[in-house]
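What follows is a set of notes on a single structure, which appears directly below.
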Amino acid sequence: MLGTLLYGERDVRVEDVPRPVLQEPTDAILRVVAACVCGSDLWPYRGIDPVRRPRPMGHEYVGVVEETGAAVSLIRPGQFVVGSFFASDNTCEICAAGYQSRCVHAVGVGGAQAEYLRVPLADGTLVATAEPPDADVIPSLLAASDVLGTGWFGAAAAEAGPGKTVAVVGDGAVGLLAVLAAGQMGAERIIAMSGHPDRQELAREFGATDIVRERGDDGVAAVRELTGGLGAHSVVEAVGTQASMLQGIGCTRPGGHMGYVGVPHGVQLPGEQLFFAEIHLLGGPAPVRRFLPELMGLILQRKIDPGKVFTLELPLGEAVDAYRAMDERRTIKALLRP
Ligand SMILES: [Zn+2]
């Protein structure tokens with residue numbers, strides 16, 4: 001089968017690789033219907049995360065169940081399913097509390113940019129639709145697998161809700177979908193921080209009421225000016241750099257909440273600044289599984305259209321071009337069809 005492997009900096013290849021097989025009785029094998037390139041795939045692609053051996057790429061997926069292990073009882077062959085990038089049992093105490101990405105049995109799902117994918121802990125990880133979905137909602141269901149789920153977690157962690165002003169740092173797909181999430185949660189005002197006209201336009205479509213183009217201290221000053229000098233009640237940080245974390249903290253009012261969902265790279269928070277900011281911080285790999293049933297429901301009822309973040313669609317065999325387009329920021333997010 002075809003699969004995408006990263007060999008080193010800017011060296012991604014689509015090759016003939018062995019088709020995955022059941023390894024544990026709790027596994028399922030999916031025929032991948034759609035996958036995509038994640039902003040976090042760009043860290044190793046750009047050589048910022050070292051790649052020591054060819055690495056199967058992709059952790060966002062929707063597919064049809066081909067085969068299940070003997071211990072799988074809830075998921076059946078033939079079902080259309082959406083899953084998260086962390087497999088979870090969905091039964092332990094951590095899962096029960098809604099933090100499935102830190103399940104005591106959590107294991108990463110990888111190699112989704114391929115024709116077939118092995119998903120561990122299938123019963124806990126996968127959510128099936130009642131019937132095969134219409135083709136036009138597949139990009140949105142794929143978005144639920146990670147970017148929407150992550151943006152949603154960021155907005156939930158930031159306690160976005162009625163009467164709240166929410167600021168979003170980062171205009172990648174996760175930041176844009178955090179804007180959509182904040183709107184769905186009833187936020188009164190949503191400030192998207194973005195310097196790119198095409199992304200500002202999508203942010204407005206997703207519900208942003210204000211755009212702040214400035215970054216860093218200037219961005220913080222602009223958000224404070226828009227909020228009577230106080231800062232936003234809720235801030236979502238969706239980048240993962242030192243500058244974006246400090247920008248997010250600076251935009252949050254005392255007593256406010258920041259959800260940070262950008263994977264941190266070299267972030268060192270100054271203790272004193274953190275202490276006197278006096279804000280609530282919650283971040284981490286999004287427990288997408290917590291939100292999947294609700295998000296899939298909203299998508300299937302056509303109440304939200306998060307699939308709009310896919311501004312490029314290519315056959316799996318052209319995954320190299322998908323990486324290039326995202327690396328050069330020519331596209332917001334690239335969808336791959338096996
Ligand atoms: Zn668990």
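If I model segment 150-283 as equal point scatterers sitting on the Cα atoms and use the Debye formula, what is log10 I(q)/I(0) at q = 0.21 Å⁻¹?
-1.18
Defining a contact as two alpha carbons under 8 Å apart and six or more residues distant in sequence, what relative contact order in percent does segment 164-281 show?
For segment 164-281, the relative contact order is 24 percent.
Restricting to bridges with both residues inside the chain, how much of the DSSP beta-bridge set is antiparallel, in percent to the nearest 5?
Rounded to the nearest five, the antiparallel share is 55 percent.
Charges on Cβ only, +1 for Lys and Arg, -1 for Asp and Glu, centred on the Cα centroid of segment 150-283; of SER194, VAL168, LEU246, which one is farthest towards the dipole's positive end?
VAL168
With just the Cα atoms defining each centre, how far is segment 25-102 from segment 202-223? Give it in Å.
Here the answer is 33 Å between Cα centres.
Using the Cα centre as the reference, give the magnitude of the dipole from point charges on the C-beta atoms of the chain (Lys, Arg: +1; Asp, Glu: -1; all else neutral), rounded to the nearest 20 debye.
I would put it at about 100 debye.
Would you mind calculating the gained length between LEU300 and LEU230 on full extension (0.36 nm times residue separation, minus the Cα-Cα distance), in nm to one decimal?
Between LEU300 and LEU230, full extension yields 21.3 nm more.
At what distance in nm do the modelled label points of GLN273 and ARG213 sit from each other, each positioned 7 Å from its Cα along Cα→Cβ?
2.5
Return the ratio Rg/(2.2 N^0.38 Å) for the chain, where Rg is computed over Cα atoms only.
0.97
Taking a label point 7 Å from the Cα of ALA71 along the Cα→Cβ vector, which residues of segment 6-24 have an amide N closer than 18 Å to it?
21-24
Using a cut-off of under 19 Å, list every residue of segment 110-153 whose amide N is near the label point 7 Å from the Cα of LEU2 along the Cα-to-beta-carbon line.
Only 111-118, 139 fall inside the zone, counting backbone N under 19 Å.
Please list, by residue number, every one of the trypsin sites (Lys or Arg not before Pro) in segment 27-88 that is coil in DSSP and has at most 13 other beta-carbon atoms within 10 Å.
ARG46, ARG52
To the nearest 10 degrees, how steep is helix 147-157 against the longest Cα principal axis of the chain, on a 0 to 90 scale?
Roughly 40 degrees, rounded to the nearest 10.
Relative contact order, percent, of segment 134-230 when contacts are C-alpha pairs under 8 Å separated by at least 6 residues?
That works out to 22 percent.
Figure the gain on full extension for ASP198 and GLU15 (residue separation times 0.36 nm, minus the Cα-Cα span) and round it to one decimal in nm.
62.5 nm
Do you know the relative contact order of the chain, to the nearest whole percent, from alpha carbon pairs under 8 angstrom that are 6+ apart?
19 percent.
Using a cut-off of 13 Å between beta-carbons, work out the net charge of the residues near PHE310 (Lys and Arg +1, Asp and Glu -1, PHE310 not included).
Around PHE310, the charge tally is -2.
Can you tell me which aspartates and glutamates have their Cα less than 16 Å from the Cα of LYS333? Leave out same-chain residues fewer than eight positions away.
Correct list for LYS333: ASP41, GLU60, ASP146, ASP171, ASP198, GLU201, ASP305, GLU313, GLU318, ASP321.
Taking the Cα centre of segment 150-283 as origin, sum charge times position over the Cβ atoms of Lys and Arg (+1) and Asp and Glu (-1), and report the length of that vector in debye to the nearest 20.
Once rounded to the nearest 20, the dipole reads 140 debye.
For a label point 7 Å from the Cα of LEU282 along Cα→C-beta, name the residues of segment 224-244 whose backbone N is under 16 Å from it.
Under cut-off, by backbone N: 233-237.
Between ALA97 and GLU24, what length in nm is gained on full extension when 0.36 nm per residue of separation is reduced by their alpha carbon distance?
23.7 nm
Every number in this text was worked out from the coordinates using simple rules, so none of it is lab data. The structure presented is a predicted model; accordingly, all values stated were derived computationally and were not measured. So basically every Cβ, Gly included, is an ideal-geometry build from the backbone, and we count neighbours across all protein chains shown.
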